[in-house]
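Below is one structure, written out as structure tokens, with a few remarks after it.
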Amino acid sequence: MTTFIEQLPTKWEIEDLFATPGRINMLREGVVTLIGVKRLESEALFVSSEGGGTLRETSRVDFAGRQRYWWLARKVAGVVRRVMLSELEVQNCTVDKPCINCPVCGLLGGLNTDTNRALASRVKLQDLISVEEYEYDEKFRVRQPDDPNSGDPTPFQEVIVPPGTRFPFIVRVVKPSRFDIGAFVYANHIADGLGYGNYSKLRGDASTRWLAIFDGFAHVSVYDLLLGGDDIEARISDLVADPPGPVNKGNTLTGDTLDSLVREWVSSKEVWSGESGSA
């Protein structure tokens, strides 16, 4: 089955993006909206600022009638960017010093102060705010010294996000190409396995279930989804039937068609990179 994704341009060159600078200017060249649910598969710690003392507490926010766990979008975007740089084997480009000359910078933007070149990110993530209510459950833990003979263990406390916690995940890609959509879904899949948040070597694993991809700027917010109650997938299904905003409803991808596409995108870079000769 041919989908609207196959009708998108294969891949943008960097200079094509400079021809229409700024995310607002690029809106006239199309938007793809992806909606899914991220679920933590292990405990995680999302600290937005470091405080004093020995307590590390996951960020929280009063939102849609509840106090909820707050996972900043930039904590996802940073991991996704690192994965893309590694998987695409980009040289001379880092998160801290983007080159503004590679496919990753073309999609995720950046500023190079040496060349004074800058691009806006064409990917916009909404902050992730939990379906489940925030629970203040202080865990008492001990950190062992690097050298067991150098001192005593250090006690500390954490308020973590428990495994199974769900977060609506809304992503928009402006001026999209097949490469953009496939690369993001692929990198997000690997990032889920690497983990997010503080001390992610030991935790922060997640999974993403994509539930809908819209051809257009679907006016959907995390707030709208959370107001509908805990059955977040049912709420998204309702939106699929009648998505608000300038959306080509006949092109919406859901169900088996979407699942099949996602499996293709995450199984092989050649499917979306334009290297297989099937563009």
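The values are calculated or read from the model by the stated rules, or taken from the named source; none is laboratory data. Quick caveat: nothing in here was measured; it's all calculated off a predicted structure. All Cβ positions, glycine included, derive from the backbone under ideal geometry; neighbour counts span all protein chains shown.
Yes/no matrix, rows are residues, columns are (1) closer than 18 Å to Val185 by Cβ; (2) in contact with an Asp or Glu (Cβ under 9 Å, 6 or more places away or on another chain); (3) at pLDDT 95 or above:
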{"site": "Ala234", "(1), (2), (3)": "no, no, no"}
{"site": "Leu239", "(1), (2), (3)": "no, yes, no"}
{"site": "Asp242", "(1), (2), (3)": "no, no, no"}
{"site": "Asn248", "(1), (2), (3)": "no, yes, yes"}
{"site": "Thr254", "(1), (2), (3)": "yes, no, yes"}
{"site": "Asp259", "(1), (2), (3)": "yes, no, yes"}
{"site": "Val266", "(1), (2), (3)": "yes, no, yes"}
*Quick check: anything in the range 121-134 more than 25 Å from His219 (Cβ to Cβ), surrounded by 11 or more Cβ atoms within 10 Å (Cβ to Cβ) and modelled with pLDDT under 95?*
no
_Among the candidates Ile181, Ile170, residue that is within 24 Å of Ile14 (Cβ to Cβ) and either modelled with pLDDT of 95 or more or among the polar types (S, T, N, Q) (or both)_ = Ile181
*Does Arg172 fit the bill of being in contact (Cβ under 8 Å) with a residue 40 or more places away in the chain and surrounded by fewer than 21 Cβ atoms within 10 Å (Cβ to Cβ)?*
no
*asked:* Restricting to the range 12-68, name every residue that is of a type in the set (S, T, N, Q), at pLDDT 95 or above and either in contact with a Leu (Cβ under 9 Å, 6 or more places away or on another chain) or farther than 20 Å from Pro168 by Cβ (or both).
replied: Ser42
*asked:* So, Phe179, is that one in contact with a strand residue (DSSP E or B) (Cβ under 9 Å, 6 or more places away or on another chain), crowded, with 20+ Cβ neighbours inside 10 Å and more than 18 Å from Trp71 (Cα to Cα) or not?
replied: no
*Under 9 Å by Cβ, and 6 or more places apart or on different chains, what pairs join a residue from the range 55-77 that is closer than 21 Å to Thr208 by Cα and basic (Lys, Arg) with one that is modelled with pLDDT of 95 or more and in a helix (DSSP H, G or I)?*
Arg68/Leu226
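Conditions (1) under 13 Å from the mean Cα position of the chain (by Cα); (2) among the β-branched types (Val, Ile, Thr); (3) on the phi < 0 side of the Ramachandran plot, marked per residue:
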position: Val173; (1), (2), (3): yes, yes, yes
position: Ala206; (1), (2), (3): yes, no, yes
position: Ala212; (1), (2), (3): no, no, yes
position: Tyr223; (1), (2), (3): no, no, yes
position: Gly245; (1), (2), (3): no, no, no
position: Lys249; (1), (2), (3): no, no, yes
*Say whether the condition of being of a type in the set (D, E, K, R) and over 30 Å from Lys139 (Cα atoms) is met by at least one residue in the range 48-71.*
no
*Test: residue in the range 207-222 that is at pLDDT 95 or above, among the acidic types (Asp, Glu) and either buried (at least 16 other Cβ atoms within 10 Å of the Cβ) or under 16 Å from Gln126 (Cα atoms) (or both)*: yes
*Hey, among the residues in the range 15-28 that are of a type outside the set (Gly, Ala, Ser) and over 22 Å from the mean Cα position of the chain (by Cα), which one's nearest to Cys102 (Cα to Cα)?*
Glu15
*Does at least one position in the range 148-166 carry a residue that is within 29 Å of Glu270 (Cβ to Cβ), in contact with a strand residue (DSSP E or B) (Cβ under 7 Å, 6 or more places away or on another chain) and at pLDDT 95 or above?*
no
*Could you identify the single residue in Leu226, Leu258 that is farther than 30 Å from Glu89 by Cα and surrounded by 15 or more Cβ atoms within 10 Å (Cβ to Cβ)?*
Leu226
